[in-house]
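Computed from the coordinates by the stated procedures, all read-outs in this text should not be read as laboratory data. Keep in mind that this is a model prediction, so the values were computed, not measured. Counting neighbours? That spans all protein chains shown, and the Cβs are built from the backbone with ideal geometry, glycine included.
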Amino acid sequence: MAEAALTATAVANAAESIETPTARAMRRFKRRRGAVFALVVIAVFVAAAMLAPLISPYDPDLQTWSAVRKAPSALHWFGTDDVGRDVLARVIFGARASLLAGVISVAIALLVGVPVGLVSGYVGGFIDALFSRITDALLACPFLILAIALAAFLGPSLGNAMIAIGVTTTPIFIRLTRGQVMVVKVEDYVEAARAVGNPHWRIALVHVLPNILPALLVQATLSIAAAIIAEAALSFLGLGQQPPAPSWGSMLNAAQRFLVNAPWMAIWPGLAIFLTVLSFNLVGDGLRDALDPRSR
Amino acid sequence: MQLIPTLFFVSVIIFSLQHLLPGDPALVMAGEERDPAAIEQIRQHYHLDRSLPVQYVYWVKGALSGDLGESMRLKEPVLSLIVKKLPVTITLASMAIIIALTIGVGAGIVSAVKKDSLWDYAANALALWGISTPNFWLGIMLIFLFSVKLGWLPASGYVPLTEDWRASLATMIMPAFVLGNAIAAILMRHTRSAMLHVLESDYIRTARAKGLLEHSVIFKHALRNALTPVITLGALEFGTLLSGAVLTEQIFAVPGFGKLIVDAVFNRDYAVVQGVVLVTATAYMTLNLLADMAYILVNPRLRG
Amino acid sequence: MRAFQLATAAMLLLVSAGIACAQTTLRIGLAEDPDILDPTLARTYVGRIVFASFCDKLFDIDEKLNAVPQLALGYETAPDGLSVTIKLRPNVKFHDGEPFNAAAAKYSLERHMTMAGSFRRPELAAVDRVEVVDPLTIKIVLKAPFAPLIAQLTDRSGMMVSPKAATEAGDKFGLHPVCAGPYKFVERVPQDRIVGEKFADYWNKDNVHIDRVVYLPISDDTVRLANLKSGGLDLIERALATDIKDIRADPKLKLATALGLGYTGIDINERSKNPLGSSAAVRQALDAAIDREAINQVVFNGEFVPGNQWVSSENSYYQQAFPVPKRDVAKAKALLKQAGVTTPFDVDFMVPKGAEPQAVAEVVQAMAGEVGINMKIRVTEFATSLKQAEAGEYQAYLLGWSGRSDPDGNLYSFYKCKAPLNYPGSCNPDVDKLLDESRVPSDQAQRKAIYEKLTRLLLDDVSIIYLYHPRVLIAHTVRLDGYRQLPDGLVRVVGLRLK
């Protein structure tokens, strides 16, 4: 009797001390304090973007022609811009455009890139060769030029900028997915699944995909950071968010001429971009460390 | 060789993208002047009145015999434009990579050796700063600080290295820094993970067990192994450099490829964009190939 | 004694060599890289600035926009207006040593009129042929009287090229132009620099004191000014209106301004089904809703000049009977009600890329919004906007025109039925008749009278809402002496000294 109870306790204890991979990843992530702090920063920006109408002191489009390019003051904490709009309000509302641009572009890249990469890596052969050459070709063209050309072709708008950035980010995910799939598909459990008679599509979705998710997650986070900068660059060139709607990139565009006279127009959106992008980068790096099977 | 089909796709992609862009280059060339006869003559001269596949064939035929067409705006052959600007871009790119290696590898080493400490975060932040700041913004801020306020460096322009190396460095240092910054982060990441990987390997444990001094372990043993993939990576970041150069050259008025291409896209100067992208894509893929070969040479284990 | 003489001689030699070696260079910052440097094929505004150093014209202009002699000494229009006789300046040489004479003038003009791809053709469309009367006189025979002819000859159409060089180079002439200006073309590195050096045999060489001129295109406005402030440039064109205070406050810089010949306005597509396009009353309403003074204050710090006609209020052809109106929201709303339009309604507002046009568009949008007209801004890059304007794929289009010294240059191609720059697509036979009539008399008062009738018609139809006239803003170092700015925006290099 006592042995049975002891064994039961032993089993229970053992079960508790077996960590699930997710729990282990989270524990390791929490150890990198920089990444955790970055996550908080991102959360703050996302909250600001969602609650914008509630927390913004002014309407971001309201022009006050008597208060053009005024320095930060009690009335306008971040100052006003070149047509008299409150900069703080525009930074808050601009978070929507910039964050959305980052997330949606990467979503497009994932939605297109991952399936293509899966098929390419899993099936191999001529299809793989074809897709790989096309991907190589896309990667060989300078990213910004492709994005500019695409955005110009589609017409200037935030939505089209997102599509352009998404399309130019897709090759990265194709290549990553393909690489990961090629590593995983020769693993034992995949061989086993095939031996048991699972159809290919099931193996791809149920066995291969979940195992490459960590790498995709890391890259997605890093790509969101790059996408936010790309949106800023496109808006800077006039191809992104259309006026008067704010986005951090288009605010920098307008602020260029006033760096000496009204530096606050450039400092705040520049800082916002910097903090957001840095945070996404730190989180991505943290995730990579946390999910790296080699770390303890 | 994989190069050929890839190049083919590159040519198709960039050609179609250019010609699908709304806007008529003949109209752009005319600008404010509106003479239908002159515009029609321009169209005919550049085969713009023919169908797209025909235009593509004209272009490829020319490219294969070394004629990349002519810039509509400047009436200069594209190849000659590229040759003129190549030294500029190469100088800028080389300086950028040197800066990137210095910052990136340095930060990577510190970050790996002092993992999870304050040094780690500081090195991390320093390298990440590069890809977290829009390069056009950073460029303008640097110009204001170092050219206008302090007067230490010229605000823009370019002096060839062979002409006056001091002045050349002075004009190049800011744009090279802005460009190199962006790549530093990527180099740092790879150095860090490569170093971490090596530092935990048996090879290093043996060295430590033998009683070697820590810094000797790091520099003589770990670094040499970790650095190989990193250096080959540095060469591959050429593509990222060119992307970054697009805006940086605009701001610092450096007459390199980046500026050439952006102006050409906005002026619908098809031949220039197509020619430059083709040339850079070829260079990029050649570098890739060389890097692959070098990697295999250095790491005999991969040969089998 | 001998030693002393020798030493003095040596010193004098060294000193004079030193003086000779101290070459003065004028570095000019341009806002864009010019296109091809061929007067027949060129189209850009910045190109004209560069031509001011290399290629002299038959006539130049003064501050009052009157023609003054340059390569030509004077002209005489025949009583029937069908021919103009022009006397040329003697002893003028081209940069390659070839003489400038009537044959060369005839060659240059014919080149402008007939060369493939020439953009000067419409400017000289009224010319039937050019005749050589004697080695220093030509006669231009016209198809119909054309008062603006001389004005055309003060711009690129009047630039003279060396027949020998032009024949040899063909359409590659622009890669190495050979003309008769104060500076000889030395080299051009695209997007980097254009270099010219003093032409020793220039007809006015006594007034050229600077040895070299270098043009450097720097498209970023802030960086261009930064270069000027840090001493990297001696002169910049197109300084920003918002930087004027800064430039005036800087003791090392000077601002040179003149009221420009151009304007910025909103073209309204009269072919669109939109209420704005189909009804003149609605267009008048939009016109009344706009506060031109406020736009000038907000976007340009009050430095530019509000306008409501194609020439500025300081121009001698301005119609005083139609002054710049003040904003009148009540009138705008009443007009809309009268036209039976339900507000609010949307308008597609095409705006070219650029910080200043965008700011102007945003202010206009806010003003129009107050009377119920929702202008939806669509920032379009230059190439696309040209195409769409031609095709009529827009409803409102914010557009600037660099301006010509003769008012006909700001009118004819914009209002004549089916004219190339008539983007609104307006077509009124009375307007056409008056436009043609206005080209005949060479007397200013007569032309002005015709223009008065024209103005009434044009301001009622409002196919173009004129907003403001930009000032030419040139900033230069105080070390540059003798610089005067003329309304055409060109940087004239003769008579300048660099300390």
Q: Run the numbers on chain A and let me know its relative contact order in percent, using alpha-carbon pairs under 8 Å that are six or more apart.
A: 25 percent
Q. What is the mean number of Cβ atoms from other protein chains located within 10 Å of the Cβ atom of each residue in peptide B:152-160, rounded to a whole number?
A. 5
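Per Stokes-Einstein, at 25 °C and 0.890 mPa s, what whole-number D in µm² s⁻¹ belongs to the stretch C:251-388, with the Kirkwood radius over Cα pairs as the hydrodynamic radius? List each step's numbers first, then the result.
Numbers: Rh = 16.4 Å.
Diffusion coefficient, whole number: 149 µm²/s.
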Q) Count of lysine pairs in the stretch C:209-287 with Cα atoms under 22 Å apart, counting only pairs 8 or more residues apart in sequence or on different chains? A) 4
Q. How much net charge surrounds C:Thr477 when only other residues with a Cβ under 11 Å from its Cβ are counted (Lys, Arg +1; Asp, Glu -1)?
A. +3
Q: Along Cα→Cβ, 7 Å out, is where each label goes; now give me the distance between the ones at C:Ala249 and C:Glu168 in nm to one decimal.
A: 5.4 nm
Q: Mind listing the long-range amide H neighbours of C:Thr380? Cut-off is under 5 Å, sequence gap 5 or more, other chains count too, H placed in the peptide plane at 1.01 Å from N.
A: C:Val351, C:Lys353
**Q.** the stretch A:188-249 versus the stretch C:351-373: alpha-carbon centroid distance in Å
**A.** 38 Å
Q: For every helix of n ≥ 4 consecutive DSSP H residues, a contribution of -39,500 (n - 2.57) applies; sum these over chain C, divide by its total residues, and give [θ] at 222 nm rounded to the nearest 500 deg cm²/dmol.
A: -9500 deg cm²/dmol
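Other chains' Cβ within 10 Å of C:227-234 residues: what's the mean?
Numbers: counts 8, 2, 6, 12, 4, 8, 3, 0.
Across C:227-234, the average partner-chain Cβ count within 10 Å equals 5.
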Q. What ³J(HN,Hα) values, in whole Hz, does the Karplus curve 6.51 cos²θ - 1.76 cosθ + 1.60 give for the stretch C:74-82 when θ = phi - 60°, with x put for Gly and Pro?
A. x, 9, 9, 8, 5, x, 7, x, 8
Q) For peptide B:38-49, how many partner chain Cβ atoms fall within 10 Å of a residue's Cβ, on average? A) 2
Q. Which whole-number percent is the relative contact order of chain B (Cα, under 8 Å, 6+ apart)?
A. 25 percent
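So which of C:Lys333/C:Lys376; C:Lys64/C:Lys326; C:Lys172/C:Lys205; B:Lys149/C:Lys57 end up more than 31 Å apart by C-alpha?
The answer is B:Lys149/C:Lys57.
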(Q) Apply the Karplus curve 6.51 cos²θ - 1.76 cosθ + 1.60, θ = phi - 60°, to the phi angles in the stretch C:273-283 and return the couplings in whole Hz, x for Gly and Pro. (A) 7, 4, x, 5, x, 8, 10, 5, 5, 5, 5
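For A:Asn253, what is the net charge nearby, where nearby means another residue's Cβ is under 13 Å from its Cβ and Lys, Arg count +1, Asp, Glu -1?
Details: positive: A:Arg90, A:Arg257, C:Lys353; negative: A:Asp81, A:Asp82, A:Glu231, C:Asp220, C:Asp221, C:Glu356, C:Glu362.
Here the count lands on -4.
Please report, largest first and rounded to whole Å, the three semi-axes of the ellipsoid equivalent to the stretch C:203-250, where each semi-axis is the square root of five times an eigenvalue of the C-alpha gyration tensor.
Working: eigenvalues 131, 34, 20 Å².
Working through the eigenvalues yields semi-axes of 26, 13, 10 Å.
Fewest Cβ neighbours within 10 Å first, please rank B:His190, C:His476, C:His95, B:His47 accordingly.
In increasing order of surrounding Cβ atoms, one gets B:His47, B:His190, C:His95, C:His476.
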Q | Ascending count of other beta-carbon atoms within 10 Å, so fewest first, for B:Ser201, C:Ser463, B:Ser51 | A | B:Ser51, B:Ser201, C:Ser463
Q) Mind checking which of B:Glu76, B:Glu200, B:Glu237 has the largest fluctuation in a GNM of chain B, springs on alpha carbons under 10 Å? A) B:Glu200
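Once the convex hull of the C-alpha atoms of chain B is built, how many Å³ does it hold per residue, rounded to a whole number? Don't skip to the end; give the middle numbers.
Values: hull volume 52.6 nm³, N = 304.
Given the Cα convex hull of chain B, per-residue volume reads 173 Å³.
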Q.
With just the Cα atoms defining each centre, how far is the stretch C:202-240 from the stretch B:165-213? Give it in Å.
A. 43 Å
Q: Mind listing the long-range amide H neighbours of C:Tyr466? Cut-off is under 5 Å, sequence gap 5 or more, other chains count too, H placed in the peptide plane at 1.01 Å from N.
A: C:Ile266
Q) How would you classify chain A from its alpha-carbon gyration tensor, with a ≥ b ≥ c the square roots of the eigenvalues: rounded for a/c under 1.5, else prolate if a/b is greater than b/c, otherwise oblate? A) oblate
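Give the order of C:Lys172, C:Lys416, C:Lys57 when sorted by the count of other beta carbons within 10 angstrom, beginning with the fewest.
Numbers: C:Lys172 12, C:Lys416 18, C:Lys57 26.
Lowest count first: C:Lys172, C:Lys416, C:Lys57.
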**Q.** Calculated [θ] (222 nm, deg cm²/dmol) that DSSP helices of n ≥ 4 give over chain B, each run adding -39,500 (n - 2.57)
**A.** -24000 deg cm²/dmol
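Taking R0 as 30 Å, what FRET efficiency do you get between B:Leu169 and B:Leu289 from their Cβ-Cβ distance, rounded to the nearest 0.05? Don't skip to the end; give the middle numbers.
On the way: r = 32 Å, r/R0 = 1.06.
The value I calculate is 0.40.
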Q. GNM, chain A, Cα, under 10 Å: largest mean-square fluctuation among A:Leu88, A:Leu271, A:Leu39?
A. A:Leu271
Q. What number, in percent, do you get for the relative contact order of the stretch C:348-477 if the mean sequence gap of Cα pairs under 8 Å and at least 6 apart is divided by its residue count?
A. 17 percent
Q: Could you tell me the largest-minus-smallest coordinate of the C-alpha atoms of the protein assembly as shown on each of the three principal axes, in descending order and whole angstroms?
A: 131, 99, 61
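So what's the net charge close to B:Ala281: Lys and Arg +1, Asp and Glu -1, counting the other residues with Cβ under 13 Å from its Cβ? Please list the in-between numbers first.
Numbers: positive: A:Arg133; negative: A:Asp136.
Cβ neighbours under 13 Å give a net charge of 0.
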Q. Residue-wise, which Karplus ³J(HN,Hα) couplings in Hz belong to the stretch C:112-125, taking 6.51 cos²θ - 1.76 cosθ + 1.60, θ = phi - 60°, and x for glycine or proline?
A. 4, 7, 10, 5, 5, x, 5, 8, 8, 4, x, 5, 10, 4
Q: Could you check how many percent of all C-alpha pairs in chain C are farther apart than 40 Å?
A: 28 percent
Q) What FRET efficiency comes out for the pair C:Val329/A:Leu75, r = Cβ-Cβ distance, R0 = 25 Å, nearest 0.05? A) 0.45
Q: Could you work out which residue, out of A:Pro72, A:Pro214, A:Pro199, moves most in a Gaussian network model of chain A, that is, has the largest mean-square fluctuation with Cα springs under 10 Å?
A: A:Pro199
(Q) Can you compute the label reach from C:Asp201? Point 7 Å from Cα along the Cβ direction, backbone N cut-off under 19 Å, restricted to the stretch C:67-106. (A) C:71-72, C:88-106
Q.
Apply the a/c threshold of 1.5 to the C-alpha gyration tensor of the stretch A:18-131 and tell me whether it is rounded, prolate or oblate.
A. oblate
